[in-house]
1. Taking the stretch 76-104 as the region of interest, how many residues are surrounded by 11 or more Cβ atoms within 10 Å (Cβ to Cβ), modelled with pLDDT under 90 and either among the aliphatic types (A, V, I, L, M) or in contact with a strand residue (DSSP E or B) (Cβ under 6 Å, 6 or more places away or on another chain) (or both)?
2. State whether one or more residues within the stretch 58-75 are modelled with pLDDT under 90, over 22 Å from Gly29 (Cβ atoms), surrounded by fewer than 17 Cβ atoms within 10 Å (Cβ to Cβ) and charged (D, E, K, R).
3. Please name all residue pairs, on different chains or six or more residues apart, with Cβ atoms under 8 Å, provided the first residue is in the stretch 66-94 and is farther than 18 Å from His55 by Cα and the second residue is basic (Lys, Arg) and assigned to a loop (DSSP other than H, G, I, E, B).
4. Would you check if Glu31 is open to solvent by 30 Å² or more (accessible area, probe 1.4 Å), farther than 17 Å from Leu81 by Cβ and among the acidic types (Asp, Glu)?
5. If Arg12 satisfies every condition in (1) free of Cβ contacts under 8 Å to residues at least 24 places away in the same chain; (2) buried (at least 16 other Cβ atoms within 10 Å of the Cβ); (3) over 11 Å from Ile115 (Cβ atoms); (4) not polar (S, T, N, Q) but one, which is the exception?
6. Is it true that Leu19 is modelled with pLDDT under 90 and either open to solvent by less than 90 Å² (accessible area, probe 1.4 Å) or under 24 Å from Ala88 (Cα atoms) (or both)?
7. Kindly indicate the residue of the stretch 44-56 that is more than 17 Å from Asn17 (Cα to Cα) and out of contact with any Phe, Trp or Tyr (no Cβ under 7 Å at 6 or more places or on another chain) and also least open to solvent (accessible area, probe 1.4 Å) among those meeting that condition.
Amino acid sequence: ENENENDNDNERKKDYNELLNIKWDFIIGSELVYNEVGVQLLPQVMASLANPDTHIYYCHSKHRYDKMDMDFFANLEKNGLDCVEVKAHGVPTPPPSPPPLTELFPDLRKAIYHITQKKKVSV
């Protein structure tokens, strides 16, 4: 049984390495942060897969888990990613969200974020 686990681990590592060797144009995800593992690892995975030309679009319910939201967006920054909320052309701008942790039962609002690698500033 231990041999099967080693084979599975090797297969997962091989799959992950193959993903890292692909030049991704777009990565699309939705509602992927449910716990602290996602808060930590999703930004790392996004940063690992992204290149300067990659566009990541991520749909997220704001205020579902305020503390995790704050940590998730901070981790995007720590992993060298820029994140901007976007909307379709012609769609009215949604009302501003209340600051995190200020309401006991805040309204959930779907938001779409465009995530890219931070631009390197040349000196």
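1. 2
2. no
3. Thr93/Lys87; Pro94/Lys87
4. On the way: open to solvent by 30 Å² or more (accessible area, probe 1.4 Å): no; farther than 17 Å from Leu81 by Cβ: yes; among the acidic types (Asp, Glu): yes.
No, not satisfied.
5. Checking Arg12 against (1) free of Cβ contacts under 8 Å to residues at least 24 places away in the same chain; (2) buried (at least 16 other Cβ atoms within 10 Å of the Cβ); (3) over 11 Å from Ile115 (Cβ atoms); (4) not polar (S, T, N, Q), the one that fails is (2).
6. On the way: modelled with pLDDT under 90: yes; either open to solvent by less than 90 Å² (accessible area, probe 1.4 Å) or under 24 Å from Ala88 (Cα atoms) (or both): yes.
Yes.
7. Looking only at the stretch 44-56, we keep the residues that are more than 17 Å from Asn17 (Cα to Cα), and these are 52-56.
Filter again for out of contact with any Phe, Trp or Tyr (no Cβ under 7 Å at 6 or more places or on another chain), leaving 52-53, 56.
On the way: Pro52: 93, Asp53: 94, Ile56: 2 Å².
Among residues in the stretch 44-56 that are more than 17 Å from Asn17 (Cα to Cα) and out of contact with any Phe, Trp or Tyr (no Cβ under 7 Å at 6 or more places or on another chain), the one least open to solvent (accessible area, probe 1.4 Å) is Ile56.
The values are calculated or read from the model by the stated rules, or taken from the named source; none is laboratory data. No experiment lies behind these values; they were computed from the predicted model shown. When we count neighbours, we look across all protein chains shown, and the Cβ atoms used for this are built from the backbone with ideal geometry, even at glycine. Remember, those area values only see protein heavy atoms, side chains included, never the ligands or the DNA or RNA. Shrake-Rupley method; radii C 1.70, N 1.55, O 1.52, S 1.80 Å.
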